[in-house]
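Student: Let me begin by handing over the structure; questions about it come next.
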Amino acid sequence: MNHFELQGGELTCEDVPLSAIAAEVGTPVYVYSSATLERHYTVLRESLVDAGLGDPLIAFAVKANSNVAVLRTLAQLGAGADVVSEGEIRRALAAGVPPERIVFSGVGKTEAEVAFAMQTGVAEINVESEPELHMVNGVAQLMGARAAVAIRVNPDVAAGGHAKISTGKADNKFGVSLAEAERLYANAANMAGVRPVGVACHIGSQITDLAPLEAAFGKMRSLVERLRAEGHDVERLDLGGGLGVPYFNQPEPPAPAAYAAMIARTMQGLDDIQYAFEPGRMIAANAGVLVARVLHVNARPEGRRFLVLDAAMNDLLRPAMYDAYHDIRPVKPRDGDPVIYDVVGPVCETGDTFTRDRALPPLEAGDLIAFMSAGAYGAAMASEYNSRLLAPEVLVRGAEWAIVRPRPSYDDMLGRERPAPWF
Ligand code: PLP
């Protein structure tokens, strides 16, 4: 469920017409709904608690939407943060996420990032390989500290909506095998600079079927039992993120309650463990839209009809990168039969095509459209490719709205560069 509805013949975010935001801020612009963010977080948390999974740590995956106002909205409900860089740690802290709710993931952390994470006091560093375990141990010892680590396991289960976002197969770069996890856990327990507190997995993103998750979680449960049988303390089991969202033309993903029930079933009898989750997409995707304006309709005499927008692949990369589908809705739908469009942006690449042969209500130059479900991996993946300014971000709450990242100026863009001394 989300809070983007037609009211009085035009698309609104909560009680704010998208056209009012576009008129003041310009387009393209990302618009987020606080109510949808809050609802998704709360439904997930209540589902997990109701299923008997204790007091889980729900660490929002900052990579999905790293806007500090979005993070603060979730932090105020008690959310933690799953981060993959020093920049993301800084964003989480700036949003008021307590360090003890921050989980630091990623296959390539630098020594400086690990030192920063430790100074900050993050809950756990998810170690993804043996060299990284030694690196964290070394950094911690230099600091005279002991880092709480979880071993990220690659359970060798195929999942995820696209090969580029599948992370849990043995040949993906993430994590260590189950057997390696046992060995590394035992090694870590004997290291002066680390304290193993748990195990973690994340098998992919946009997963619309519980079966691969259940297979992976079953393996994680057995691993925890084996580690405990060997005499190790295992306090936390991090089950990652990955649950998909309905992008309109895809299989309906499982409801959070079904997900929670599956976990409760899989973990039945496993006591004294805190569960951690790293959801990104399921919290943020349907809480955001990208609003763009039609620059013109290029109806070729030979047949194809291109809807040329002022938003491009640099603003919303998912269609070009993952062949992703986004529902496209006119902000003020016109009457008339649907028309078949190829929807494209102004970037100089054929890849800058959001969709082909899409039947949409009739549109004209100057009309506004919204890319739905753009709140996750939208603004966070945007770039200035073609020297296009980053789209601003707006957060709505009821009838109020605020610009939470303004559109930069061209001076801002050029001001980041410096002439070389020989010019
Ligand atoms: N945790 C880790 C380690 C990830 O790599 C990702 C995404 O790739 C996530 C969490 C968030 O996944 P999702 O947005 O599908 O919930």
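Student: Please determine, by comparing only the residues of segment 248-291 that are part of a loop (DSSP other than H, G, I, E, B) and buried (at least 21 other Cβ atoms within 10 Å of the Cβ), which one is farthest from the ligand (Cβ to nearest atom). Can you show your working first?
Tutor: Filtering segment 248-291 down to residues part of a loop (DSSP other than H, G, I, E, B) leaves 248-255, 268-273, 278-280.
From what is left, the residues that are buried (at least 21 other Cβ atoms within 10 Å of the Cβ) are 253, 278-280.
Numbers: 253: 10, 278: 4, 279: 4, 280: 3 Å.
Out of the qualifying residues, it is 253.
Student: Go over the candidates 337, 352, 357 one by one and state the one that is acidic (Asp, Glu) and either surrounded by 13 or more Cβ atoms within 10 Å (Cβ to Cβ) or within 14 Å of residue 317 (Cβ to Cβ) (or both). First the steps, then the outcome.
Tutor: Details: 337 fails: either surrounded by 13 or more Cβ atoms within 10 Å (Cβ to Cβ) or within 14 Å of residue 317 (Cβ to Cβ) (or both); 357 fails: either surrounded by 13 or more Cβ atoms within 10 Å (Cβ to Cβ) or within 14 Å of residue 317 (Cβ to Cβ) (or both).
Answer to the check: 352.
Yes/no per residue for (1) at pLDDT 95 or above; (2) at positive phi; (3) in a strand (DSSP E or B):
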residue	(1), (2), (3)
313	yes, no, no
316	yes, no, no
319	yes, no, no
326	yes, no, no
332	yes, no, no
342	yes, no, yes
346	yes, no, no
350	no, no, no
356	yes, no, yes
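Student: Further, regarding this structure: With the structure loaded, tell me whether residue 107 is within 15 Å of the ligand (Cβ to nearest atom), within 22 Å of the chain's Cα centre (by Cα), surrounded by fewer than 19 Cβ atoms within 10 Å (Cβ to Cβ) and assigned to a loop (DSSP other than H, G, I, E, B) or whether it fails that test. I'd like the intermediate steps shown before the answer.
Tutor: Numbers: within 15 Å of the ligand (Cβ to nearest atom): yes; within 22 Å of the chain's Cα centre (by Cα): yes; surrounded by fewer than 19 Cβ atoms within 10 Å (Cβ to Cβ): yes; assigned to a loop (DSSP other than H, G, I, E, B): yes.
The answer is yes for residue 107.
Student: Could you list, in sequence order, all residues of segment 360-415 that are in a strand (DSSP E or B) and exposed (fewer than 15 other Cβ atoms within 10 Å of the Cβ)? Even if it seems obvious, please write down each step before you answer.
Tutor: Initially, segment 360-415 is screened for residues in a strand (DSSP E or B), giving 360, 368-371, 393-397, 400-405.
If the condition is that a residue be in a strand (DSSP E or B) and exposed (fewer than 15 other Cβ atoms within 10 Å of the Cβ), then 400, 402 are the ones that fit.
Student: Shifting gears a bit: When residues of segment 172-183 are filtered for being crowded, with 23+ Cβ neighbours inside 10 Å and either more than 23 Å from the chain's Cα centre (by Cα) or in a helix (DSSP H, G or I) (or both), how many remain?
Tutor: At the first step, the residues of segment 172-183 found to be crowded, with 23+ Cβ neighbours inside 10 Å are 175, 181.
So of that shortlist, the ones also either more than 23 Å from the chain's Cα centre (by Cα) or in a helix (DSSP H, G or I) (or both) come out as 181.
Residues meeting the conditions: 1.
Student: Taking only pairs six or more apart or across chains, which ones have beta-carbon atoms under 6 Å, a first residue in segment 281-307 that is closer than 30 Å to residue 79 by Cβ, and a second residue that is away from the ligand (no atom under 16 Å from the Cβ) and part of a helix (DSSP H, G or I)?
Tutor: 291/18; 291/22
Student: Test of understanding: among 60, 4, which residue is modelled with pLDDT of 95 or more, within 25 Å of residue 252 (Cβ to Cβ), surrounded by 21 or more Cβ atoms within 10 Å (Cβ to Cβ) and touching a Pro at 6+ places or on another chain (Cβ under 7 Å)?
Tutor: Numbers: 4 fails: touching a Pro at 6+ places or on another chain (Cβ under 7 Å).
None of the others qualify; the one that does is 60.
Student: Continuing with this model, one more query. So, residue 391, is that one out of contact with any Gly (no Cβ under 7 Å at 6 or more places or on another chain) and within 16 Å of the ligand (Cβ to nearest atom) or not? It would help to see each step written out before you state the result.
Tutor: Details: out of contact with any Gly (no Cβ under 7 Å at 6 or more places or on another chain): yes; within 16 Å of the ligand (Cβ to nearest atom): no.
So residue 391 fails the test.
Student: Taking the criterion of being part of a helix (DSSP H, G or I), in contact (Cβ under 8 Å) with a residue 12 or more places away in the chain, small (Gly, Ala, Ser) and closer than 30 Å to residue 261 by Cβ, would at least one residue in segment 49-64 satisfy it? So that I can check it myself, show each step before the final result.
Tutor: Here is the first cut: in segment 49-64, the ones part of a helix (DSSP H, G or I) are 49-50.
Okay, now just the ones that are also in contact (Cβ under 8 Å) with a residue 12 or more places away in the chain, so 50.
After this cut, where a residue has to be small (Gly, Ala, Ser) as well, the list is none.
No: zero hits.
Student: Filtering segment 182-232 down to residues that are without any contact (Cβ under 8 Å) to a residue 12 or more places away in the chain and of a type in the set (D, E, K, R), which residue is farthest from the ligand (Cβ to nearest atom)?
Tutor: 228
The values are calculated or read from the model by the stated rules, or taken from the named source; none is laboratory data. In this text the structure is predicted, and so the values were computed from the model without any measurement. Glycine gets a Cβ as well: all are built from the backbone with ideal geometry, and neighbour counts include every protein chain shown.
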